[in-house]
Protein chains: 2
Amino acid sequence: MIVDTSKKILIVGLGLLGGSYAKALKRFGFHISAITKDISSIDYALKENIIDEGSTQLDEKIISEADLVIFALYPHVFVQWIEENQSLLKSGALITDVTGVKRSIVYKIQDMLRPDVEFVAAHPMAGREVSGVENSTDKMFIGANYIVTPTVKNTEEAIKTCVELGRLLGFSNVTTLSPEEHDEMIGFLSQLTHCIAITLMTCNDKEDMEKFTGDSFRDLTRIARINDLMWSELFIENKDVLLEQMQMFIDKFSQLKTMLENEDVDSMREMMRHSTQRRALFDKK
Amino acid sequence: MIVDTSKKILIVGLGLLGGSYAKALKRFGFHISAITKDISSIDYALKENIIDEGSTQLDEKIISEADLVIFALYPHVFVQWIEENQSLLKSGALITDVTGVKRSIVYKIQDMLRPDVEFVAAHPMAGREVSGVENSTDKMFIGANYIVTPTVKNTEEAIKTCVELGRLLGFSNVTTLSPEEHDEMIGFLSQLTHCIAITLMTCNDKEDMEKFTGDSFRDLTRIARINDLMWSELFIENKDVLLEQMQMFIDKFSQLKTMLENEDVDSMREMMRHSTQRRALFDKK
């Protein structure tokens, strides 16, 4: 379906990610529309020619004409939108999303969705420390991962379309995981890292430290500049997994602390060599 | 003294940092010599014209002619070098270093040093994840901090010279701290961050995670590729401070974990806003 550029794509939520999707997809000649809350975002996107039409209202014409609808909203806003407005969707439409948690969203949406509309969930692993459509750029998908999280309710064709969307957007790696595998993986790779960064940033309020810092501290706290509304919601939605992983981190950190207390240099060096070896796997290819 | 480019500078330990010092200082026309353990490092530096002469031996002529000697060695190797070879130094020579811990080094060296040689300690807050003179570059000093850690035993003139050295090397900020202040600051900004990075890198050995990672995890583990010999030594040398800071981190992290357990969204969001606000201070100017 996707390669057929006569199809119309609607993006609901035209922020950093939604705008970057629009930029990436417009290059292929798709008809792109957008619904978002601020008129300034629509104005910007029209001026930049990354959407063909847009509205801050629930424009019935725009919604009913869309073959593919991409939701780039906060998790609870996405669920609420479907609850209240799914009757406006075109019969046969495919919907997908960008939500950073999956178990708590995917089944809820699929259970309530009209039978003639299909939802295949996806998580683009890309972001920036700035927000808004004005900061959008499809460059952030280069070298990045796109994870599709299908369930038994999904058709092969819709899953394929969603995988193809990831490739069209420019992601370097497109993979599929179950919602459960996704949440475990992302709990560790993304949510735990954010917990660590905000803890490091707030556990010591000594003044003037910025005058003495090197790049290590800057690197570990880059993501400590955080959208509190969105991330608190993501943490809660993945609570069980994240709590387990926070405990796993505390256990290992406490082991290192004991090694230092005991001046157990051999164990510390072994841990560091293990760390060095594993880190090599994570270099951008 | 430094601005007088007729003076001779000796670098002991021609690795990544020593080599970068040589590159930065050679531009001013100083006579630069080096003593290091591998002949390949000397050969490279001579070929690149960043040193005028070098040796893998304790070359008495080179050492006795140097007005400024910069030690870029592991902490215990530096102490041992002074113990065994300080008689070779020129009377009136100034020595400095790059060691990442100060309390345990500075007083030990100053107490044993000949009265006609002065040691002003310094810590260049710059590094890379690669080592060796072949990877040296004076670009890594741009935007970086250089900390001089004088004691009551130091003369005003020698401190000034060392501050000037930091500026000549190209560091953007040159500051002074006491050895105690330095170790507390660096324990937090550098050593604690390395403890966190290696813990995150080793606390979960699940396979294939690199296929799903975003930049957050990569950022937090960049420094998890670590020189185990050097860092275990730095941790031990700053043990008391680092243990205290590890505990401070665990306490704050556990608070966040409790907030999540209780689904205390307000407290989580407050912590995130605090984090966001504080992080702004640490942007590179």
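Of the residues screened, A:SER55 is one that is without any contact (Cβ under 8 Å) to a residue 40 or more places away in the chain, out of contact with any Pro (no Cβ under 6 Å at 6 or more places or on another chain) and either in the same structural domain as A:ALA121 (by TED's automatic domain parsing) or of a type in the set (Val, Ile, Thr) (or both). Filtering segment B:138-155 to residues that are closer than 24 Å to B:LEU94 by Cα and more than 12 Å from chain A (Cβ to nearest Cβ) leaves B:ASP138, B:PRO150, B:THR151, B:VAL152, B:LYS153, B:ASN154, B:THR155.
Being within 11 Å of chain B (Cβ to nearest Cβ), at pLDDT 95 or above and farther than 24 Å from B:GLU244 by Cβ is a description that does not apply to A:ILE196. Among the candidates A:GLU244, A:GLU237, A:GLU157, the residue that is farther than 24 Å from B:MET201 by Cα and over 16 Å from the mean Cα position of the chain (by Cα) is uniquely A:GLU157. Regarding segment A:275-284, can at least one residue be identified that is of a type in the set (Val, Ile, Thr), assigned to a helix (DSSP H, G or I) and facing chain B (nearest Cβ under 7 Å)? Within segment A:275-284, one or more residues are of a type in the set (Val, Ile, Thr), assigned to a helix (DSSP H, G or I) and facing chain B (nearest Cβ under 7 Å).
In segment B:17-43, of all residues being touching a Gly at 6+ places or on another chain (Cβ under 6 Å) and in a helix (DSSP H, G or I), the one that is nearest to B:GLY127 (Cα to Cα) corresponds to B:ALA24.
Residue count for segment B:241-254, restricted to those that are surrounded by 16 or more Cβ atoms within 10 Å (Cβ to Cβ) and either of a type in the set (Val, Ile, Thr) or more than 7 Å from chain A (Cβ to nearest Cβ) (or both): 3. Tallying residues that are within 30 Å of A:PHE141 (Cα to Cα) and assigned to a helix (DSSP H, G or I) within segment B:219-256 yields 6. The residue that is nearest to B:ALA280 (Cα to Cα), counting only those in segment A:255-267 that are surrounded by fewer than 17 Cβ atoms within 10 Å (Cβ to Cβ) and at the interface with another protein chain (Cβ under 7 Å from one of its Cβ atoms), is A:GLU261.
Against the list (1) closer than 28 Å to B:ASP205 by Cβ; (2) under 18 Å from the mean Cα position of the chain (by Cα); (3) crowded, with 23+ Cβ neighbours inside 10 Å, the condition A:THR175 fails is (3). The residues of segment A:227-240 that are farther than 15 Å from B:GLU270 by Cα, facing chain B (nearest Cβ under 10 Å) and touching a residue at least 40 places away in the same chain (Cβ under 8 Å) amount to a single one, A:ASN238. Annotation: B:MET271 fulfils all but one of (1) touching a Leu at 6+ places or on another chain (Cβ under 7 Å); (2) within 7 Å of chain A (Cβ to nearest Cβ); (3) more than 21 Å from A:LEU229 (Cβ to Cβ); the unmet one is (3).
The values are calculated or read from the model by the stated rules, or taken from the named source; none is laboratory data. These figures come from a predicted structure and were not determined experimentally. FYI the Cβ positions are ideal-geometry reconstructions off the backbone, even for glycines, and counts take in every protein chain you see.
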